[in-house]
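I have placed the structure first, in the form of structure tokens, so that the comments after it can refer back to it.
A short reminder: the numbers here are calculations on the coordinates, not readings from a lab. Since the structure is predicted, the reported quantities are computational estimates derived from the model, not experimental observations. Here the Cβ is made from the backbone with ideal geometry for all residues, glycine too, and neighbour counts use every protein chain on show.
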């Protein structure tokens, strides 16, 4: 699904719930939005559940389960809380909490700067693979890093969007120039806060 029609996982509070059956040492992407220039990805790596928020190549925020997940049925939740633009002032921040079967499996991560526009103009939202350029360098050599029948079965991926952030215009609503203006503003904010 093209990013401009996909849920705004990188810029809006959300809860993603994955109903999955895992096999031992599963490896592959559960979902990914964006690409190597910026995006979010949740994936399995030899049984370890991993998450990455790639902030336009400038920062990579990562979390990983403390231990491999057991084989069998699991409910995985990724809850992202992003402050509203009014709350944040200059820089929008966020927090990501990852749970498996109701228990937190990794330390929460703080995203020090959220991309308030799109990650890209040409990437996609994918389930079970990361098409195009990979979000994470952790699996770049194995792209598209498919989660296939040898890893288990993804039954459903449910996305619930929060309302903490006002609607950000999508690429359908803006010109190419406006899109790049947002990206440049993000870069300027990033470097001015360092």
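Can you sort 50, 158 so the residue with the fewest Cβ neighbours within 10 Å comes first?
158, 50
So what is the relative contact order for segment 1-157, in percent, with contacts set as C-alpha pairs under 8 Å and at least six apart?
Numbers: 412 pairs, mean separation 53.5, N = 157.
The value is 34 percent.
Once you keep just the Cα pairs under 8 angstrom separated by 6 or more residues, what percentage relative contact order results for segment 32-109?
For segment 32-109, the relative contact order is 21 percent.
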